[in-house]
Amino acid sequence: MKKILVIEDEPEMRRNLTTILRLEKFHPIAAENGRVGIELAAKESPDLILCDVMMPELDGYGVLQALRENSKTSAVPFIFLTAKGEKPDIRAGMNLGADDYLTKPVAKADLLNAIRSRLERASQQVRPEFKPNFNSAKPLENVLGLTPRVAEALLWLAQGKTNGEIAMILGNSESTVKKHVLEIFETLGVETRTAATLRALEVLSSSAASGE
């Protein structure tokens, strides 16, 4: 059962969020302010953190900065949840290392989709035994037999990027990236992004070790 830390100073909103999470088979932990949230994050090791921005004493930006500076909590997926939705606020949060930014009131489906997406992406992060070199997609071409553009797509997929993000990086349409991903699955004989990522990391780690 995934553990979700909810940092929210409004009691009703905090209760609503924890109830939704509990009904969806998550294990919610509630913090009534930022300072308590930081303490619980270090103590409970949550799988993901939902945090309001506008809070007394210590706001969400301060919470995120403190968590990112602590090695125990630096990699925990972090989603801002706030009534403020202006672009400068979103940009400020992302610059500090937030993974997502949802504006209140947020629909239940959007909230759960964001949580599951970030948990899935976190599960694809580089394992300790892998030491990949992401500087070039050439090893993915040579070892896996992929075309240059498909190998580039896999290089970014292995770093946890979404189809939309890969499309932006490569200057392609998202539909083209989807075709690349399907080709990756077919060529590697896998069915999920996680499996494709692991195969890519093995190749890129071997290449790094051999100095290719």
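The values are calculated or read from the model by the stated rules, or taken from the named source; none is laboratory data. On a predicted model such as this, the values are computed, not experimentally measured, just so you know. In this analysis, Cβ positions are derived from the backbone assuming ideal geometry, glycine residues included, and neighbour counts consider all displayed protein chains.
Among the residues making up the stretch 19-39, those that are in a helix (DSSP H, G or I) and buried (at least 19 other Cβ atoms within 10 Å of the Cβ) are L21, G34, G37, I38.
When D59, D52, D47 are checked against the criterion of being acidic (D, E), closer than 14 Å to K2 by Cβ and touching a residue at least 24 places away in the same chain (Cβ under 8 Å), a single residue qualifies: D47. Residues that are in a helix (DSSP H, G or I) and surrounded by 18 or more Cβ atoms within 10 Å (Cβ to Cβ) were ranked within the stretch 129-140; the one that is farthest from the chain's Cα centre (by Cα) is P139. Say we look at the stretch 80-101 and pick out the residues that are more than 18 Å from E165 (Cα to Cα) and assigned to a strand (DSSP E or B); which of these is modelled with the highest pLDDT? Checking each candidate, the answer is F80. In the stretch 1-18, the qualifying residues are those that are in contact (Cβ under 8 Å) with a residue 24 or more places away in the chain and not in a loop (DSSP other than H, G, I, E, B), and the one that is farthest from the chain's Cα centre (by Cα) is M13.
Going through (1) surrounded by 18 or more Cβ atoms within 10 Å (Cβ to Cβ); (2) under 26 Å from R116 (Cβ atoms); (3) touching a helix residue (DSSP H, G or I) at 6+ places or on another chain (Cβ under 6 Å); (4) touching a residue at least 12 places away in the same chain (Cβ under 8 Å) one by one, T197 falls short only on (3).
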